1. Quick one: order THR194, THR58 by neighbouring beta-carbon count within 10 Å, fewest to most.
2. Compute a Gaussian network model of the chain, connecting alpha carbons closer than 10 Å, and tell me which residue from LEU26, LEU103, LEU53 fluctuates the most.
3. Would you order GLU48, GLU113 from fewest to most other beta-carbon atoms within 10 Å of each residue's own beta-carbon?
4. Roughly how big is the chain's charge dipole about its Cα centre, with Cβ charges of +1 (Lys, Arg) and -1 (Asp, Glu), in debye to the nearest 20?
5. Nearest-5 percent of antiparallel DSSP beta bridges in the chain?
6. Give the angle, between 0 and 90 degrees and rounded to the nearest 10, that separates the Cα long axis of helix 58-68 from the longest principal axis of the Cα atoms of the chain.
7. Fewest first, what order do ASP127, ASP70 take by the number of other Cβ atoms within 10 Å?
8. Please go through the residue pairs LYS30/LYS179; LYS139/LYS166; LYS75/LYS191; LYS30/LYS71 and name each one whose alpha carbons sit more than 29 Å apart in this structure.
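None of the figures in this text is laboratory data; all of them are computed from the coordinates on show. Remember, it's a predicted structure, so these values are computed and weren't measured experimentally. Neighbour counts are summed over all protein chains in view; Cβ atoms, including those assigned to glycine, are modelled from backbone coordinates with ideal geometry.
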Amino acid sequence: MIKYAIIVAGGSGSRMGSDLPKQFMLLKDKPVLYYSIKPFLDAYEDLEVILVLPAAFTNIGEEIIDAYFDKERIKIAVGGDTRFQSVKNGLKLVWCLCINANLYIENKVPPAEMLMKHDCPIVLGTDSYSSNWQLSIAKEMQSLKNKFPSLSIQTILQWATSNGAKALQWDDELGSFEKGKNPGVAVIDSKFETSKRIV
């Protein structure tokens, strides 16, 4: 399982009395930010860094990453007006609904409508045979539609496809029909009763 470290470096440098935030100042010929990132990457080979930076300085952050690190292991997020907002921006939570597992274990459904009300990113999953009758995303979609009739088919399809690809950071390859992508294709009837993969 991939590990993540969120480094919040979104400060403006006002306490230093400088136009350049302190995380970009040089210390022994390297930016201070270098010394914050390197120990994490050295500690775990399977760790990725989410680096939260001021919006006006993301380009400098990219230059530092390109100069010293494997850029595939570091992603930049834009900081907010407060430290809380900066952490929130770096930590993008995703809610995975496995409604049939909820029904199997406790005969209850997840709070889908509440999550939607608060604009939570939602994806669909199946859990495992230890807590489900089958491993079928189509059946998860069917149960959602049955238990939440007001949910549109479009919304459910988005949760099952593009949202999932985005959450797994595969949206440059999968999840939607766009030039350069290579998504799988399945035929599903309007009631989600049958499904067949064709590509």
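1. Listed from fewest to most nearby Cβ atoms, that is THR194, THR58.
2. LEU26
3. Numbers: GLU48 17, GLU113 11.
Listing GLU48, GLU113 from fewest to most nearby Cβ atoms yields GLU113, GLU48.
4. Dipole size: approximately 400 debye.
5. Looking only at bridges with both residues in the chain, the antiparallel portion is about 25 percent.
6. That helix lies at roughly 80 degrees to the long axis.
7. Numbers: ASP127 17, ASP70 9.
If I rank by nearby Cβ atoms, fewest first, I get ASP70, ASP127.
8. Numbers: LYS30/LYS179 41 Å; LYS139/LYS166 21 Å; LYS75/LYS191 39 Å; LYS30/LYS71 17 Å.
Checking Cα-Cα distances, LYS30/LYS179; LYS75/LYS191 exceed 29 Å.
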